[in-house]
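Visitor: Right, I'll just put the structure down here and ask away after.
Rule-based calculations on the coordinates, nothing more; no lab input. Values in this document were obtained by computation on a predicted structure and should not be read as measured data. Cβ sites come from the backbone with ideal geometry, for glycine too, and all protein chains shown count toward neighbours.
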Amino acid sequence: MEKITKIYLMTNEKGLKYVGKTTCQYLSQRMAVHKSQAKTKRNINKCTSHLLFDCEVKIELLEETTGDDETIKLLEGKYIQEIDCVNKCVAGRTFKETKQNWVKNNPDYFKEYQRKNHSTTSGKKYYCECCEIEMLNTSKYRHFKTDAHKLKTK
Ligand SMILES: [Zn+2]
């Protein structure tokens, strides 16, 4: 069977976002790893995603691919470009500045997030039985077109 890589988005209550990729079957497994890394006192080289974990965090699927490493890198890069995420925190600029800029540039984001979040928590999720993954209802049709899904429904 082909390896499926998921490109995912984590968003916290403050509107901070992080784009990542994983081959975990469930996104919740990947988030658990991020979470425990964020909480650890050990002096490890923390991934920028730890910035999200001072409040509630949601994880959602952006896209799945069975493509090679190059394809995955391009896809991930595309989302990082499109989405205003903490992955973009560049060296030399402190995170605090980045966050302040972000809040300034996105004054309505938090309100919007709560509104959307409210509608997504009221059952707007789709669970694909054959792939055994959960996704946003709106990603459903894109998921149906993926090779991974087609292979499983053959
Ligand atoms: Zn499927």
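Visitor: Which value in Å does the Kirkwood hydrodynamic radius of the stretch 5-94 take, with 1/r averaged over all unlike C-alpha pairs and then inverted?
Guide: Hydrodynamic radius (Kirkwood, Cα only) of the stretch 5-94 equals 13.7 Å.
Visitor: Return the distance in nm (one decimal) between the two label points of a simple spin-label model at residue 83 and residue 125, each offset 7 Å from Cα along Cα→Cβ.
Guide: 1.7
Visitor: Just to confirm a number: summing +1 for Lys and Arg and -1 for Asp and Glu over residues other than residue 53 whose beta-carbon lies under 9 angstrom from that of residue 53, what do you get? All intermediate terms of the calculation are to be shown ahead of the outcome.
Guide: Details: positive: 35, 39; negative: 54.
Here the count lands on +1.
Visitor: Could I ask something else about it? How do 30, 142 rank when sorted from fewest to most other Cβ atoms within 10 Å of their own Cβ?
Guide: 142, 30
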